[in-house]
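The values are calculated or read from the model by the stated rules, or taken from the named source; none is laboratory data. Only a predicted model underlies this, so the values are computations on that prediction, with no experimental measurement involved. No Cβ is skipped: glycine too gets one built from the backbone with ideal geometry, and neighbour counts run over all protein chains shown. What goes into the accessible areas is simple: the full protein's heavy atoms, side chains included, and nothing from ligands, DNA or RNA. Shrake-Rupley method; radii C 1.70, N 1.55, O 1.52, S 1.80 Å.
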Amino acid sequence: MRSYSPDLTPPWKRNKPVPEVPADPELVVEEVSTGFCGAVIRCEAGTVTLEDRFGKHRVFPLEPRGFLLEGKVVTLVRPAPAAPSRPSRTASGSLAVPGARARVARAGRIYVEGRHDAELVERVWGDDLRIEGVVVEYLEGVDDLPSIVADFSPGPDARLGVLVDHLVEGSKESRIAASVTDPHVLVVGHPYIDVWEAVKPSSVGIPAWPTVPRGQDWKTGVCRALGWPENTGAAWQHILSKVHSYKDLEPALLGRVEELIDFVTVSD
């Protein structure tokens with residue numbers, strides 16, 4: 001068994017504890033054994049690099065009581081890693097609210113035409129919608145919109161907003177939208193044939209969205225024209241991955257979604 005040897009050094013001769021100081025960049029210290037004085041330019045596991053006023057670099061071990069700071073002995077330690085910064089704004093450009101909890105879902109809803117539309121809205125406005133308690137649901141087209149509105153039974157505390165693709169004058173979509181006259185329903189739309197076109201071509205890395213001949217499935221035609229595999233699901237995931245914020249979307253979509261969110265979150 002190992003024997004215990006007590007420390008017989010008199011208390012007045014023992015080294016007193018010294019402060020531990022993080023070796024932050026630009027901190028000026030002096031190494032005790034060499035007298036080298038310089039500013040910290042790098043601190044790695046077990047070592048610190050100092051730069052003197054002539055630009056000379058020296059690497060020293062991070063030993064206890066190894067440095068002088070303003071003439072006093074200190075122990076340099078590796079700085080704690082910086083905490084990740086929180087984004088100050090959401091993907092939609094709204095001010096972020098760190099730690100905010102999702103609100104209980106409102107009775108009001110936003111309906112969009114398809115899954116891709118819903119995923120794009122979630123991508124950019126998801127944080128805002130959760131804070132406001134707004135749920136986004138998708139339809140399979142708008143042909144049955146009047147009956148869908150009737151089933152929803154909108155009212156002052158249950159407003160309904162609807163986002164329609166290709167809502168241009170004279171289109172089938174415009175005639176259907178005009179048939180909905182309930183004051184608690186707002187139907188708005190964008191001019192694009194499909195929500196894919198609402199993503200800026202520059203964000204996707206293409207010069208423009210191609211023109212697809214009439215009678216041809218638009219998404220398949222886009223893949224064919226761009227030389228992409230004719231897998232529209234994979235193509236959409238590629239497009240969606242290029243959307244990081246509202247800056248990647250066309251203004252014609254941005255304004256309409258913001259209008260719907262305002263509409264369904266205001267009570268009469």
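Structure values in brief
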{"read-out": "Charge-dipole axis of the range 16-77 as Lys and Arg at +1 and Asp and Glu at -1 on Cβ define it, positive-most pick from P17, A45, V59", "value": "P17"}
{"read-out": "Mean residue ellipticity (222 nm) of the chain, computed from DSSP H runs ≥ 4 via -39,500 (n - 2.57), nearest 500", "value": "-7500 deg cm²/dmol"}
{"read-out": "Probe 1.4 Å, all protein chains present, accessible-area order of S147, S174, largest first", "value": "S147, S174"}
{"read-out": "Residue-normalised accessible area of the chain, expressed per residue, 1.4 Å probe, Å²", "value": "60"}
{"read-out": "Neighbour net charge for D24 - beta-carbon separation under 15 angstrom, K R +1, D E -1", "value": "-3"}
{"read-out": "Accessible-area ranking of Y111, Y246, Y138, largest first, probe 1.4 Å", "value": "Y138, Y246, Y111"}
{"read-out": "Cut-off 18 Å (backbone N to label point 7 Å along Cα→Cβ of K242), residues of the range 178-207", "value": "192-207"}
{"read-out": "Accessible-area order (highest first, 1.4 angstrom probe) of the listed residues H244, H184, H190", "value": "H244, H184, H190"}
{"read-out": "Percent accessible area from carbon and sulfur atoms, the range 148-268, protein chains only, probe 1.4 Å", "value": "51"}
{"read-out": "Top positive-direction residue, dipole computed over the chain with Cβ charges, set S171, Y138, S153", "value": "Y138"}
{"read-out": "The chain, dipole about Cα centre (Lys/Arg Cβ +1, Asp/Glu Cβ -1), debye to the nearest 20", "value": "1600"}
{"read-out": "Antiparallel DSSP beta bridges within the chain, percent to nearest 5", "value": "55"}
{"read-out": "Sequence ranges 191-204, 52-65, 23-36, ranked by mean other-Cβ count within 10 angstrom, highest first", "value": "191-204, 23-36, 52-65"}
